[in-house]
1. How many of the residues in the range 84-135 are among the hydroxyl-bearing types (Ser, Thr, Tyr) and either modelled with pLDDT under 90 or farther than 25 Å from Phe155 by Cα (or both)?
2. Being charged (D, E, K, R) and at pLDDT 90 or above is the filter here; which residues of the range 19-36 pass it?
3. Among the numbered criteria (1) at pLDDT below 95; (2) part of a helix (DSSP H, G or I); (3) among the aliphatic types (A, V, I, L, M), which one does Ala181 miss?
4. When the range 46-74 is examined, which residues are found to be charged (D, E, K, R) and either surrounded by fewer than 16 Cβ atoms within 10 Å (Cβ to Cβ) or out of contact with any helix residue (DSSP H, G or I) (no Cβ under 7 Å at 6 or more places or on another chain) (or both)?
5. For Gly119, work out the one condition from (1) crowded, with 18+ Cβ neighbours inside 10 Å; (2) at positive phi it doesn't fulfil.
6. With the condition kept exactly as written, say whether any residue in the range 138-158 is farther than 18 Å from Ile44 by Cα, touching a strand residue (DSSP E or B) at 6+ places or on another chain (Cβ under 7 Å) and surrounded by fewer than 16 Cβ atoms within 10 Å (Cβ to Cβ).
7. From Lys197, Lys202, grab the single residue that is surrounded by fewer than 22 Cβ atoms within 10 Å (Cβ to Cβ), modelled with pLDDT under 95 and not in a helix (DSSP H, G or I).
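The values are calculated or read from the model by the stated rules, or taken from the named source; none is laboratory data. Note that this is a predicted model, so its numbers are computed, not measured. Using ideal geometry, Cβ is built from the backbone for each residue, glycine included, and neighbour counts are taken over all protein chains shown.
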Amino acid sequence: MEKELRKGTTTVGIVCKDGVILAADKRATAGFVVNKHTQKIHRINDSMALTMAGLVSDAQLLVKLIKAELKLKDLHTNRNSNVKEAANLGAGLLYNNLRKFSSVPGIVAFLLGGHDEEGDHLYDLGIDGSITEIHDYVSDGSGSVFALGVLEAMFKEGMTTDEGIKLAVKAINAALQRDTATGNGIDVWVLNSKGIKVALEKDLNFRAD
């Protein structure tokens, strides 16, 4: 049950002119800090990754299902799925997950980023199975209100991924300072035509400078 109830996070997605940034903190809580090294960004394939927010057990299972279903789809169609197809798949799984009968509601949300033949893409997959394509920035989780304040003030159209990395760190750091369910570190990934790059993995006791 403790693992089922782990929650609390801040995730960020930023669309740059040369790629997509995904960022997240490392803390998992259940009324108290349960894990200080939670991995909240997950690779789906060689060109896509997602951040997770919500109940850890449900999120981890859904990530495994998305990976498996995409791989099967690629084998059946003899081509690589694009980011929109992955978003539709993930949204369908989230829709079913929220509506299944359970004593503990499966509340999970994803930010999905990736690159395909049409370019770089970022999608917000809501807990209800909704899909929103993002063209600038987005944040999810318990600390998102603080991260969004930074993103709103500092985001600029046409930012490079180097600038986006710095902005993502500032946004997550704002949540680290104000949201008790966010903390212990920052992960930042870059997704573009070159693939997936881990730009930052930083463990923190208190804050990011």
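1. 3
2. Asp25
3. Failed condition: (2).
4. Answer for the range 46-74, where residues must be charged (D, E, K, R) and either surrounded by fewer than 16 Cβ atoms within 10 Å (Cβ to Cβ) or out of contact with any helix residue (DSSP H, G or I) (no Cβ under 7 Å at 6 or more places or on another chain) (or both): Asp46, Lys64, Lys67, Lys71, Lys73, Asp74.
5. So the condition that Gly119 fails would be (1).
6. The answer is no, given that none of the residues of the range 138-158 is farther than 18 Å from Ile44 by Cα, touching a strand residue (DSSP E or B) at 6+ places or on another chain (Cβ under 7 Å) and surrounded by fewer than 16 Cβ atoms within 10 Å (Cβ to Cβ).
7. Going through Lys197, Lys202 in turn, just one is surrounded by fewer than 22 Cβ atoms within 10 Å (Cβ to Cβ), modelled with pLDDT under 95 and not in a helix (DSSP H, G or I): Lys202.
To keep it simple, each residue is scored yes or no on (1) charged (D, E, K, R); (2) at pLDDT 95 or above.
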residue: Glu2; (1), (2): yes, no
residue: Leu5; (1), (2): no, no
residue: Gly13; (1), (2): no, yes
residue: Lys17; (1), (2): yes, yes
residue: Thr38; (1), (2): no, no
residue: Met48; (1), (2): no, yes
residue: Ala53; (1), (2): no, no
residue: Ala59; (1), (2): no, no
residue: Ile66; (1), (2): no, yes
